[in-house]
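Undergrad: The structure follows.
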Amino acid sequence: MTAICDAGSVKGVPRYKFVRSIVQQKEMIRNLLTTPVRNLSKVRFLNCEASAYETVLVEKRDKVALIQLNRPKALNSINQQVIEDLNKAVLDANADNGIGAIVLTGSNRAFAAGADIKMMEPLSFSDTYMGGLFNDLENITKAKKPIIAAVNGFALGGGCELAMMCDFIYAGEKAKFGQPEITLGVLPGAGGTQRLTRSVGKSKAMEMCLTGNFIDAQEAKQIGLAAQVFPVDELVDRAVAVGQKIASFSKVAVALNKEAVNAAYETTLQLGLDYEKRLFYASFATKDQKEGMSAFREKRKPQFTDE
Ligand code: CAA
């Protein structure tokens, strides 16, 4: 802590940048010391020559990119390295023409147990505010391709928020969701108070944020946070299978559907309806609309070309 407090005296380096870099360096060293060599994944992925991720594993399963958070010793808690790796993996998948959907998962024990508390502990207001702590995590929401969160184990704090940044959530039977930031003397800082409220309504979101209580997979489904619940061992395969189904459709139509549903989060009903109409009309400018409708009339399977 003393080194961090002294950081303001470093000539020419803004304090928040210096502190951020110290925190990152400490994190990197800790990760290097604690991560088994087999977990330092160097994977050949998609169109890239070779991509190296420290904290995620990436696998291409036909038309689905499966991205797995892989920081097991800290229950996949989210630090700067996780954010960088995750953003890169999602952007790579988004740019790959052979990929039509993305599945994001963790381990059976934890999807992600939140933001990294040990990384955050020494930070000051100006460190977080000037450094834009966790702003970059939102980048995954810019992907045009749908992201399915497959949540086994804990999805807490930033982990629950990360799952909610995805387009929909499938939960394993043992999943636990919660926003326990209140127990740490803070509040959710990556969308928990906003996305959870829009997803499950004020009363339940307020209860979860004010008590820090966890809910299980069945309750998450009942309140509309999770779309489906699957047995733990089947979860990822079921999510990938649904990803393959989505990937079989026109990529343009998939992206238009995603954009229209997401617009419902941002607008009034009438503006949302107008926006949906514009996108619907725009879909008639695509070759895939002609192909989809002529295939229906000709009683054959459509051959979409994503044009
Ligand atoms: N940050 C850093 N390390 C974490 C972590 C986190 N969020 N969650 C777990 N870990 C670490 C633990 O410190 C522990 O490491 P050590 O072995 O080095 O001590 C390891 O992961 C295993 O954790 P536990 O021993 O605690 O495992 P458990 O099974 O007894 O409990 C748990 C599991 C209930 C998830 C518990 O670890 C826990 O409560 N974690 C914190 C959850 C939390 O509060 N998340 C919110 C973070 S704040 C946030 O996310 C802000 C935001 O909105 C962006």
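Undergrad: Between residues in the range 172-191 that are within 20 Å of Leu133 (Cα to Cα) and residues that are open to solvent by 60 Å² or more (accessible area, probe 1.4 Å) and among the aromatic types (Phe, Trp, Tyr), which pairs lie under 9 Å by C-beta distance while being six or more apart or on different chains?
TA: These pairs meet every condition: Pro180/Phe214.
Undergrad: Would you check which residues across the range 168-206 are within 20 Å of the chain's Cα centre (by Cα), open to solvent by less than 50 Å² (accessible area, probe 1.4 Å) and of a type in the set (Gly, Ala, Ser) and list them?
TA: Passing the criteria: Ala171, Gly172, Ala175, Gly178, Ala190, Gly191, Gly192, Ser199, Ala205.
Undergrad: Restricting to the range 160-170, what's the tally of residues that are closer than 20 Å to Met208 by Cα and more than 16 Å from the ligand (Cβ to nearest atom)?
TA: Count: 3.
Undergrad: Can you pull out every residue in the range 237-284 that is more than 23 Å from Phe296 (Cα to Cα), of a type in the set (Ser, Thr, Tyr) and open to solvent by 60 Å² or more (accessible area, probe 1.4 Å)?
TA: Tyr265, Thr268, Tyr275
Undergrad: Would you pick out the residues in the range 123-134 that are open to solvent by 30 Å² or more (accessible area, probe 1.4 Å) and away from the ligand (no atom under 11 Å from the Cβ)?
TA: The answer is Leu123, Ser124, Phe125, Ser126, Tyr129, Met130.
Undergrad: Being touching a helix residue (DSSP H, G or I) at 6+ places or on another chain (Cβ under 9 Å) and under 13 Å from Cys160 (Cα atoms) is the filter here; which residues of the range 207-226 pass it?
TA: Met208, Cys209, Gly212, Asn213, Phe214, Ile215, Ala220, Leu225, Ala226
Undergrad: For the range 138-159: of the residues being more than 8 Å from the ligand (Cβ to nearest atom) and assigned to a helix (DSSP H, G or I), which is least open to solvent (accessible area, probe 1.4 Å)?
TA: Out of the qualifying residues, it is Ile140.
Undergrad: Can you tell me which residue within the range 90-121, out of those that are outside any loop (DSSP other than H, G, I, E, B), more than 11 Å from the chain's Cα centre (by Cα) and surrounded by 24 or more Cβ atoms within 10 Å (Cβ to Cβ), is nearest to the ligand (Cβ to nearest atom)?
TA: The residue in question is Ala115.
The values are calculated or read from the model by the stated rules, or taken from the named source; none is laboratory data. This is a predicted model, so every value here is computed, not measured. When we count neighbours, we look across all protein chains shown, and the Cβ atoms used for this are built from the backbone with ideal geometry, even at glycine. For accessibility, only protein heavy atoms count, side chains too; no ligands or nucleic acids. Shrake-Rupley method; radii C 1.70, N 1.55, O 1.52, S 1.80 Å.
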